[in-house]
1. Examine the stretch B:158-169 for a residue that is of a type in the set (D, E, K, R), part of a helix (DSSP H, G or I) and more than 13 Å from chain A (Cβ to nearest Cβ), and state whether such a residue exists.
2. Looking at (1) in contact with a strand residue (DSSP E or B) (Cβ under 6 Å, 6 or more places away or on another chain); (2) free of Cβ contacts under 8 Å to residues at least 24 places away in the same chain, which is the only condition B:Arg288 fails?
3. Can you name the number of the only condition in (1) in a loop (DSSP other than H, G, I, E, B); (2) not assigned by TED's automatic domain parsing to the domain that holds B:Thr267 that B:Gly316 fails?
4. Taking the stretch A:85-111, which residues are of a type in the set (D, E, K, R) and within 13 Å of the chain's Cα centre (by Cα)?
5. Looking at (1) more than 13 Å from every other protein chain (Cβ to nearest Cβ); (2) assigned to a helix (DSSP H, G or I); (3) under 23 Å from the mean Cα position of the chain (by Cα); (4) touching a residue at least 40 places away in the same chain (Cβ under 8 Å), which is the one condition that is false for B:Arg189?
6. Examine the stretch A:65-82 for a residue that is in a loop (DSSP other than H, G, I, E, B), among the β-branched types (Val, Ile, Thr) and within 11 Å of chain B (Cβ to nearest Cβ), and state whether such a residue exists.
7. For residues in the stretch B:192-228 being of a type in the set (A, V, I, L, M, F, W, C) and assigned to a loop (DSSP other than H, G, I, E, B), which is surrounded by the most Cβ atoms within 10 Å (Cβ to Cβ)?
8. Quick check: is even one residue across the stretch B:103-125 assigned to a strand (DSSP E or B), within 14 Å of chain A (Cβ to nearest Cβ) and not charged (D, E, K, R)?
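The values are calculated or read from the model by the stated rules, or taken from the named source; none is laboratory data. Nothing here was measured: the structure is a model prediction, and the numbers come from that model. In this analysis, Cβ positions are derived from the backbone assuming ideal geometry, glycine residues included, and neighbour counts consider all displayed protein chains.
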Amino acid sequence: MQVVRSADEEQTREIGRILGRIVGPGTVIALSGELGAGKTVLAQGLAEGLGVKGPVSSPSFVIMNVYRGRCDVYHFDFYRLQNAEELEELGLEEYYYSEGVTIIEWSNKFAETLPPERLQIELVRDDRDPENARFLYFKAGSAVGALFEKIVEELKKRCLC
Amino acid sequence: MPGKSLILGLETSCDDTAAAVVLNGRSVLSNVVSSQDSFHRRFGGVVPEIASRRHLEIIGPVIDEALGKAGVNFADLDGIAASHGPGLVGSLLVGVSTAKALAFSLDLPLAAVNHLEGHIYANFLTGATISFPVLCLVVSGGHTSLLYMEGHGSIELLGITRDDAAGEVFDKVARTLQLGFPGGPLIDRLAQQGEAGSFYFPRALMSEEGGLDFSFSGVKTAVLNCVLREKEAGKPIKNADIAAAFQDAVVDVLVEKSFLAARKRKTRHFLLAGGVAANTELRRRLRRKMQEEGVEVICPPVELCTDNAAMIASAGYFYLRQGRTASWDLNAVPDLRF
């Protein structure tokens, strides 16, 4: 586990960009955090880092958006989903094991359905500056350990952790 | 096509399974939508019928009901239309495949309609006379787009949300205020009892560089922060005031951007569409503001604002009249743009 503090929305987006430049095809990135924690902002940065041009909007209502960057980017949101069967019906697993990068907001709602080999990022308000600052808790499955180390190294280089 | 043309429309891009029969692109003979708010409310939230299997199970009965209510048979139809994107691929495929199968077996022309363009056509079902070019604001839970339409089939995207859709923030703010579902109408009603000036929430991208794009994630977070602050201070949460101030901020942006668009592109008519088009404050203020530019605002009734198949049938009629038939290899396009 690794903790990173983001001072504001712009820094959260920048952290996303850094990650987006590092992660490769087949990576599953599971985001969690309360309403307004910055999940979509982080996802926007990620998409930008992955080379997506144009706006990346919240998929809360449409449930999924597809973008093309260096590889396909699948942007999911479990916000509206009520049960795990709906996920199964959506055929999500096909995306997890595809050549694209999958980003999932509100992933904690159905954590048990996620592949173990994922990058997990939880965004939590920093009580000292709850309107702007966030802690980002990074966790990763063992098979993505090398990727995880690379991310931590990159964030350290920029004095983010 | 001869004087009387009946189109069966299908819509399965997201939650709803819908079928409708429309005469000559302008008269709704039937409009059947599978999911109703009353159903959602029982479960305390949105129950998405995103499961394509669910669409598959009920599309047959929904079509039967649409034909029955219209008092027509398959043999009376002159064309089939379905939305083929944007949306969820599994859901879209149910409508697209059904439409293809029907058109092929009945030997009818097939129209593939862009779901967002379909929303615009809800206005053609109001009986209003609409003269091109027109501007249109599609504002719903999933979309916030400003469009310019020169004529049938000629659409230009002028602005789009860069983060949350307007309807989405209505839902999320309603949840924050623990108002329940659906958030849009609840906030609309509550706001009428509140004082919009009690709080101030940000209006994003209002400067020149924002162009005609929208951003609503900031206002959502600002409301959230406001509620947290009030709680922290031990103050009672004034839901009505917060709802009024929040709605004021969102409506301000929607009206101002629409007005900017109307200044740049001269049109006689401005069309509203999408679920948020049902918001009374938006309708009232948009009408008033557009009067300054001499532009008439047209709004569909609520049941045609939200996702439905009548709008798809109407769009399909105009597509087919222009000879824009889809081929048999038609596919669902989840990221369909203009």
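1. No.
2. With respect to (1) in contact with a strand residue (DSSP E or B) (Cβ under 6 Å, 6 or more places away or on another chain); (2) free of Cβ contacts under 8 Å to residues at least 24 places away in the same chain, B:Arg288 is out only on (1).
3. Only one criterion in (1) in a loop (DSSP other than H, G, I, E, B); (2) not assigned by TED's automatic domain parsing to the domain that holds B:Thr267 is unmet by B:Gly316, namely (1).
4. A:Glu105
5. Of everything listed in (1) more than 13 Å from every other protein chain (Cβ to nearest Cβ); (2) assigned to a helix (DSSP H, G or I); (3) under 23 Å from the mean Cα position of the chain (by Cα); (4) touching a residue at least 40 places away in the same chain (Cβ under 8 Å), B:Arg189 misses just condition (4).
6. Within the stretch A:65-82, not a single residue is in a loop (DSSP other than H, G, I, E, B), among the β-branched types (Val, Ile, Thr) and within 11 Å of chain B (Cβ to nearest Cβ).
7. By that ranking, first place goes to B:Phe216.
8. No, the stretch B:103-125 has no match at all.
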